[in-house]
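Before any comments, here is the structure.
The values are calculated or read from the model by the stated rules, or taken from the named source; none is laboratory data. Being a predicted model, the structure only gives us computed values, none of them experimental. Note that each Cβ is placed from the backbone with ideal geometry, even for glycine, and that neighbours are counted across all protein chains shown. Side chains included, ligands, DNA and RNA excluded: accessible areas come from the protein's heavy atoms. Shrake-Rupley method; radii C 1.70, N 1.55, O 1.52, S 1.80 Å.
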Amino acid sequence: MRVVVVGGNGQLGTDVVRAFADNGDDVLPLTHADIEIGDGEAVANKLHELQPDMVVNTAAMHHVENCELQPDRAFTVNALGARNLARAARDIGAVLTHISTDYVFDGCKSSPYEEEDPPRPLSVYGNTKLAGEYFVRSTLDRHFVLRTSAIYGKSPCRAKSGLNFIELMLQLAKERGEVRVVDSEFITPTATSDLARQIVALGRCESYGLYHATAEGACSWFEFAREIFALTDTKVNLKVAGPNEFPAKVRRPRYAVLENRGLKLLGLNTFRPWQEGLHDYLGIPHLNTRYHQRLERNENVGDLPD
Ligand SMILES: NC(=O)c1ccc[n+]([C@@H]2O[C@H](COP(=O)([O-])OP(=O)(O)OC[C@H]3O[C@@H](n4cnc5c(N)ncnc54)[C@H](OP(=O)(O)O)[C@@H]3O)[C@@H](O)[C@H]2O)c1
């Protein structure tokens, strides 16, 4: 298969390029310098020139505060950009795999969101990504729209300039010795390498549509930090941040957990528990810390890793 990956040097795009290449596909990564997805004519010309069988769109304007400040630009990239790619893919007979987000939901539910749950975005980012989903779904039949959550990868996130949550936690622990993290927002940390593998697996079938695509399980940001410190045996004073300690500039869903119901119904869900993706990221093959030995013995581990 000939695959174009838009955003091919981004956090997710880098792993998507690698995953298709490992699968023996002919992969063409496109950076922002190669294509501006907000420009319909440029998109049509580029895809016509490259004639891929599949286009994977990982490009987005996804810095949530910047989207709020520049709603027109956010709509151009996240909604019209998706539409431009969908139209061009349809015209050359290619499949479009488009990446969307858990931020299409308001987070008021207390059990994982399924694909049929009504979206209700709280932000410009969420609204423009939802509009992008609708454009893709209404423009070409041969699409996969994948909503994911809290991704992290070895390649830095370009929009958020540098450190992902894991690296930030480790840096703060080293610099300060005490780290404070919110315990009231829930997510599923998802390794980009795991998401990339899922994209390749799904791309082999013709069950087009909308899918939730995150690692299994869920945690709060505090629990995510606790796992990072436990796995790396980092000595740090980890505390729950107070409710007003880090006031958010933009409303975010309190509970952004997705159920991969569609993938499971197809028998194609390749995701594993989020902790396992984190192990691989950190280069730790087994549950081998004292913290995890205590967990396995069902002993109380308290708030902090020892
Ligand atoms: N980060 C998360 O936790 C999260 C959660 C849920 C969903 N998502 C979604 O996951 C996807 C991938 O995120 P990521 O972390 O891999 O992002 P990233 O590292 O910022 O990469 C995005 C890529 O897209 C390119 N790009 C941005 N605007 C473009 C445009 N107008 N035209 C063409 N290329 C453009 C960027 O190039 P430049 O940097 O050179 O502009 C970069 O190569 C996005 O769709 C995002 O909405 C992310």
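Fully extending the segment from Leu268 to Glu167, taken as 0.36 nm per residue of separation minus the present Cα-Cα distance, adds 33.3 nm. Size of segment 1-145 from its Cα atoms: along the principal axes, largest to smallest, the extents are 43, 31, 27 Å. Scanning the chain for GluC sites (Glu not before Pro) in DSSP loops with at most 10 neighbouring Cβ atoms within 10 Å leaves 1-115 as the longest stretch between them. Using only the alpha-carbon atoms, how far is helix 192-203 inclined from the longest principal axis of the chain? Give it as 0 to 90 degrees, nearest 10. Approximately 40 degrees, to the nearest ten. For Lys249, Lys46, the ranking by accessible surface with the largest value first comes to Lys249, Lys46, using a 1.4 Å probe. Accessible-area rank, largest first, for Met1, Met169: Met1, Met169, with all protein chains present and a 1.4 angstrom probe. Kirkwood hydrodynamic radius of the chain, from the reciprocal of the average inverse Cα-Cα distance over all distinct pairs: 20.0 Å. When segment 37-185 is described by a simple charge dipole with +1 on each Lys and Arg Cβ and -1 on each Asp and Glu Cβ, the residue from Asn164, Phe144, Cys108 located farthest towards its positive end is Asn164. Amide H to amide H distances under 5 Å link Leu210 with Val145, where only residues 5 or more positions off or on other chains count and H is placed in the peptide plane. For the listed residue pairs Lys46/Lys264; Lys154/Lys239; Lys46/Lys129; Lys160/Lys239, the alpha carbons are over 30 angstrom apart in Lys46/Lys264. Indicate, rounded to the nearest 5 percent, the antiparallel portion of the DSSP beta bridges found entirely in the chain. In the chain, DSSP labels about 10 percent of beta bridges as antiparallel.
Summarising the overall dimensions of segment 125-237 from its C-alpha atoms, the Rg and Dmax are 17.1, 52 angstrom.
Within the listed set Pro189, Pro243, Pro273, the Gaussian network model of the chain (springs between alpha-carbon atoms below 10 Å) gives the highest mean-square fluctuation for Pro243. Using just its DSSP H runs of length 4 or more, each adding -39500 (n - 2.57), the chain gives a mean residue ellipticity at 222 nm of -11500 deg cm²/dmol after division by all residues. Calculated accessible area for the chain comes out at 45 Å² per residue, all protein chains present (probe 1.4 Å; ligands, DNA, RNA ignored). Per-residue 3J(HN,Hα) values for segment 80-96, derived from phi via the Karplus relation 6.51 cos²θ - 1.76 cosθ + 1.60 with θ = phi - 60°, read 5, x, 5, 5, 4, 5, 5, 5, 5, 4, 4, 5, 9, x, 9, 8, 10 Hz in sequence order (x marks Gly and Pro). Output the relative contact order of segment 2-75, whole-number percent, from Cα pairs under 8 angstrom with separation of 6+ residues. It comes to 38 percent, rounded to a whole number. For the pair Ala241 and Asn66, label points projected 7 Å from Cα toward Cβ lie 2.0 nm apart.
Between helix 165-176 and the chain there is an angle of about 40 degrees, using the helix long axis and the longest principal axis of the Cα atoms. In this structure the amide hydrogen of Arg142, modeled in the peptide plane, comes within under 5 Å of no amide hydrogen from residues 5 or more places off or on another chain. Pick out which of Ile166, Ile37, Ile99 has the largest mean-square fluctuation in a Gaussian network model of the chain, springs linking Cα atoms closer than 10 Å. Result: Ile166 has the largest fluctuation of those listed.
Here the Gaussian network model covers the chain, with springs between Cα atoms less than 10 Å apart; of Asn57, Asn244, Asn127, Asn244 fluctuates the most. With all protein chains in place and a 1.4 Å probe, the accessible surface of the chain carries 48 percent carbon and sulfur.
Remark: relative contact order (the chain) = 19 percent; criterion is Cα-Cα distance under 8 angstrom and separation of 6 or more residues. Across segment 121-133, rounded Karplus estimates of 3J(HN,Hα) from the backbone phi angles (6.51 cos²θ - 1.76 cosθ + 1.60, θ = phi - 60°) give x, 9, 9, 4, 3, x, 5, 6, 5, 5, 4, x, 4 Hz, Gly and Pro being marked x.
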